């Protein structure tokens with residue numbers, strides 16, 4: 001298949017998984033809103049709705065792992081997937097954090113910090129993409145993501161299955177993830193600014209080289225011709 005066609009292809013398995021992940025987000029939002037709005041018909045189902053949201057979040061997180069794994073293994077890199085995948089991740093996490101705050105299971109200040117961090121990192125990645133380079137993922141960023149993927153469903157369920165303290169563990173994990181998220185934000189900022197500076201220096205050097213070449217060409221044209 002032509003590389004250009006592959007680059008702009010939308011209908012492939014990784015992209016389908018990403019789209020499926022996006023479609024799961026409204027299910028999480030709806031189930032939590034049914035708890036927070038305290039509709040009489042659903043008052044006896046708050047426990048089940050919390051677990052439903054938790055399992056849907058887990059399913060969405062699994063699709064996040066597999067779409068990236070399949071894309072790397074099969075060499076499927078598309079413009080659509082490169083754009084939508086990180087956006088889907090941010091929507092999933094940000095909407096879940098806001099819902100947890102609405103449930104009273106996360107402090108508002110912490111949610112604001114984490115949401116602003118996600119918006120900031122997304123802006124950095126889009127800037128890097130526009131300039132033609134990628135910001136490598138730091139280990140702290142990977143751990144932050146892993147802890148969020150574990151803590152958020154725990155806080156949605158907010159239960160003690162088999163004696164496991166989901167509320168306490170989820171709260172501890174989300175605070176650790178918050179510290180790592182701030183650290184990784186500093187890492188991404190430093191690397192992005194460094195690459196932007198290098199790109200500017202390279203562009204400046206290229207421009208200087210072109211000017212020198214133009215001057216040399218003019219000087220060569222001004223030399224007297226041999227007869």
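Points to keep in mind about this one:
- Contact map, segment 197-219: first residue part of a helix (DSSP H, G or I), second residue exposed (fewer than 10 other Cβ atoms within 10 Å of the Cβ) and at pLDDT below 80, Cβ cut-off under 7 Å, separation 6 or more or different chains; the map is empty.
- In segment 32-89, the residues that are buried (at least 19 other Cβ atoms within 10 Å of the Cβ) and outside any helix (DSSP H, G or I): 78
- Qualifying residue in segment 12-23 (condition: at negative phi, over 18 Å from the mean Cα position of the chain (by Cα), surrounded by fewer than 20 Cβ atoms within 10 Å (Cβ to Cβ) and in a helix (DSSP H, G or I)): yes
- Qualifying residue in segment 164-178 (condition: modelled with pLDDT under 90, over 21 Å from the mean Cα position of the chain (by Cα), surrounded by 11 or more Cβ atoms within 10 Å (Cβ to Cβ) and not in a loop (DSSP other than H, G, I, E, B)): no
- Selection status of residue 98, touching a helix residue (DSSP H, G or I) at 6+ places or on another chain (Cβ under 9 Å), assigned to a helix (DSSP H, G or I) and more than 21 Å from residue 50 (Cα to Cα): no
- Criterion violated by residue 64 - all others in (1) modelled with pLDDT under 90; (2) more than 19 Å from residue 155 (Cβ to Cβ); (3) in contact with a helix residue (DSSP H, G or I) (Cβ under 7 Å, 6 or more places away or on another chain) satisfied: (2)
The values are calculated or read from the model by the stated rules, or taken from the named source; none is laboratory data. Because the structure is predicted, anything quoted here is derived from the model rather than measured. Note that each Cβ is placed from the backbone with ideal geometry, even for glycine, and that neighbours are counted across all protein chains shown.
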